[in-house]
Structure formats: structure tokens, C-alpha cells
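Note sheet for the following structure.
The values are calculated or read from the model by the stated rules, or taken from the named source; none is laboratory data. What you are looking at is a predicted structure, and each value in this text was computed from that prediction instead of being measured. Cβ: placed from backbone, ideal geometry, glycine included. Neighbour counts: every protein chain shown. We work out accessible area using only protein heavy atoms, side chains counted, and drop any ligands, DNA or RNA first. Shrake-Rupley method; radii C 1.70, N 1.55, O 1.52, S 1.80 Å.
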Amino acid sequence: MTENTRNTMWGGRFAEGPDAVMQAINASIAFDRRLAPQDIRGSRAHAAMLAATGILTDSDAEAIREGLITVLSEIEAGTFPFRTELEDIHMNVEARLGELIGEPARRLHTARSRNDQVATDFRLWVRDRIDAATAGLTALIRALLAQAGAGADWVMPGFTHLQTAQPVTWGHHMMAYVEMFGRDLSRLADARARMNECPLGAAALAGTSFPIDREMTARELGFDRPMANSLDAVSDRDFALEFLAAAAICAMHLSRLAEELVIWSSAQFRFVTISDRFTTGSSIMPQKKNPDAAELLRAKLGRILGATVALFTVMKGLPLAYSKDMQEDKEQVFDAADTLLVGLAAMEGMVRDLTANRAALERAAASGFSTATDLADWLVRELGLPFREAHHVTGTLVRAAEARGCDLPDLPLEAMQAVHPGITEAVYGVLGVRNSVASRTSYGGTAPVRVREQIARWKERIG
Ligand code: ARG
């Protein structure tokens, strides 16, 4: 092998260049090029710190700074010459910098290793995506709040086991998702706060003998502080796992709402219409409007969870400190983050555009003996029956209504009194769905008055 097939960054102790297959398994540039902006940001902070501490001259640092700006503009313009033989984004950027500015570029790697470099770049990247997901979730919550506000007192069936259970309000149902996505927001905020420490300056694994200023680079990159242990700094990816776990939980929530949209938009339910903008047609059945976006959102958790499991599997049992296994972290996290962000945007759009069919919701709310619990509660409250007995009497009344093919409010008083003689005309007051939801005023309950309070609380929180 000739000199020029050896790696220019680490080829000194090698007599031969790598086998083509070695290059194929080793190179990460095909995917880690996405870290370019973070890599350049990290290098700029590192160079500024090296100058401030007198490790580099100001003129070298200035040449590096300007060179890195050029490199970034080449990457943004799509003219950057990515080279597989340079393995990864770190060495590609550094080599290009050398071509642009010469010798000072070769001083940039002083007091630094690719190990702390990649840990820093990746933290910056994940932090950016946490911020993007936070914005996406906030927009989705706003869309849900708008739906909830419009239909705070619209009555719909509440389900358990997907069987009609008790009437609830549309606003209450929307607000249930606001709570879920709100916890997703706080999970991301927790992960962000914990991960916001800077690995840069840990060098390969043991720190460095150069008089570096880790507080300065940490501050420069928007971290709260430098990481306190150099071995830990280069070798943990728990921050990525926390992001993936939070993303997986959020995707699970998205999939549940997506499933409801699929069910609700069917001809059998007709609770909602998903806008044309988020549905597709069939190439054979002209009448079809398929909820593809919702179906895909139902499925996307699979990818994110797969990425989570993959990264756990990579990290499990790895000895300290850095091992090349960790290069397998990126594609998983990149794909999961892309999936989450497009999913949040699609759900936000769908919810924003969604038309709830108030009449269908209210019709469905009144069917399926949905106010049976209200009837049982009335027997307890007005006739002093023990709840278990009231439950039994109500069950008998439901059976009687079913036999007549009517709903509870249509059952004649005599038929009711035949089951329990104490029942009076007043019972009909609790059998209507509006009264039913209005009565559920306990904290967290479905009564419109409570729902409106929660909408106001969230509007204050989310702005
Ligand atoms: N491309 C590598 C990664 O993503 C960068 C760190 C390589 N470090 C090393 N000592 N080979 O993990």
C-alpha cells in the first residue's frame, strides 16, 4: 500500500491502508454527516477556548474560526467533498479545514479526541431535537385545546372496553390527550435538563494535561456545566436513551389518538371527518377516503421502540470507556427523531383540521343505555338503596328497555315501577345525557364547567 491510501488522520503506525470491507463496516460518514453543524459548533468553541487559555495563538484560532465558517457554508451549499476514506464527520471536517487553511487546522485537535467530540456533537444534536419535539408537542396541544374549547359541552359516548360506558364531553376527551402530551413535554424537559452537561475536554477518556477551560466550552455551547467524570463523559449514551424512551411514550400516545381517529372516521361511527389534506383516495373504490396519516401514526411507535431496543442492546454490557459499538447509536436516534417530529406535525395538522360531527356524537351518546349509572346513582340518592341493590335494579330496567327495543329515557313509568315501586317521574331528570355530564362536577370530571377550567389552566401554561 502506498502512503496515500493510509488514513491521513491516524495512518502513522500503519503499513497498509484498510481493506475495502473494513472501510464499508467502519465508515459512518454516510449518516453522521448530519452532525456537521454540531461538529463545527463544537470545534469553534474548542478553538476559542484553546486561544483563551494560550494553548493556541490568536491568529491560529482566528484562521480556524474563519475556515470552519467556510466549511459550514460548503456543507449547507451541498458542495462539501465528503470522503468515505475519512470515516466520519469529524475527520472529514478537519481534513477539509486543512485544505482550506493549512497548518493551523492541524492544531485544532490539541487536547481533544474524537471520543469527547462525538459525545458533544451527539448531545447537541439530541438537545436540538428535544427542542424541536417540544415545539411540535406544544403546537399539538394548542390544536387539541382549540378542539376542546369548541366542543367543551358536546356530549359523546365515553367507552370502556370500546363498549358504551357513560356520556362524556368532547372537550373532556380532547383534554385527556392534552394531559398525556403534557406529560410527554415534561418528560422531554426532564431529559433535557439532565443531559445538558458538556463532555468536551474529557479527551480520549482520561482528561488532558493541557490547561483547558471546560467551563468556557460548556458555557459557549449552552451547557449548564462540564461533565464531572471524563470516563463517563465519553462513554455513556443514557441521554440518547432517555430521549428515545420519552419519544416512544409520546409515539404510544400518538398511536392511541390515531386509532381513535381511524375508528371515529369510519362510516359506522361518523364521529369525525378527517380533512382531505390528511386522507387519501383509493385507486379502485371511488368513494373511499382513507385515514392513511392516522394509520401510519398508529404504526410509527414500532420504529421508535425498535430504535430504543437497538440502542439499549448496543450499550448493554459495554466496558468503560468508549467502544466503537457506540457508533451504532446515531442511525437509531436519527430515525426515531425524524419519525417523532413528522408524526407530531401530522397529528397537529389532523387535529387542527378535524371536524367533529356534533349530532352524531350526541346521538351515539344517548344510545347504549349510557345513563344507566346515573339511574343507579339516583336510586341510591333518592330512595336510599345500597349501591349494589341499585345496580341490580338498574340492570333489570336495562333488560326491560332492551326487551321493548327502547332506551332508558323511553321506558314508561309503570314499567319502571314494576321493577321498583319507589321510582317516580323525577327519575327522568337524570336519564338525559346533558344532565348526566353536567352532574359529573367532581375534580377531573367530565362536566363542561370542569372541562373549561382545565382548558383555561392549560392555555395559561402553554400560552
Ligand atoms: N465515528 C465515531 C463514532 O461515531 C467517532 C468516535 C471514534 N473514536 C474512536 N476512538 N475511533 O463513535
Exercise. Round to a whole number: what % of the accessible area of the range 289-426 belongs to carbon and sulfur, probe 1.4 Å?
Worked result: 55
Exercise. Magnitude of the Cβ-charge dipole of the chain, K/R +1 and D/E -1, about the Cα centre, nearest 20 debye?
Worked result: 940
For this session: State, to one decimal in nm, how far the label point of VAL449 lies from the label point of ASP276, with both points 7 Å from Cα in the Cβ direction.
Result: 4.4
Exercise. Counting pairs of alpha carbon atoms under 8 Å apart in space and at least six apart in sequence, what relative contact order in percent does the chain give?
Worked result: 16
For this session: Mind checking the per residue accessible area of the range 15-103 for me, 1.4 Å probe, whole number of Å²?
Result: 45
Seminar exercise, completed: Calculated from DSSP helices alone, with each H run of at least 4 adding -39500 (n - 2.57) and the total divided by the residues of the chain, [θ]222 nm to the nearest 500 comes to -20000 deg cm²/dmol
Problem set entry | Where only alpha carbons of the chain are counted, the Rg and the Dmax (Å) | 30.8, 103
Exercise. What list of whole percents do you get for P(r) of the range 321-429, with Cα-Cα distances grouped in 10 Å bins up to the one holding the largest distance?
Worked result: 12, 28, 14, 10, 13, 12, 8, 3, 0
For this session: For the range 173-315, divide the Cα radius of gyration by the Kirkwood radius and give the resulting Rg/Rh value with two decimals.
Result: 1.19
For this session: Using a cut-off of under 17 Å, list every residue of the range 85-122 whose amide N is near the label point 7 Å from the Cα of LEU341 along the Cα-to-beta-carbon line.
Result: 121-122
Problem set entry | In Å², nearest 10: area of ASP190 left accessible to a 1.4 Å probe | 80
For this session: Just tell me which lysines come within less than 19 Å, Cα to Cα, of LYS330; anything on the same chain fewer than 8 places away is out.
Result: LYS300, LYS316
For this session: Please compute P(r) over all alpha-carbon pairs of the range 1-146, binned at 10 Å starting from zero, and give each bin as a whole-number percent.
Result: 11, 34, 31, 15, 6, 2, 0
For this session: Determine the per residue accessible area of the range 138-210 with all protein chains present and a 1.4 angstrom probe, expressed in square angstrom.
Result: 37
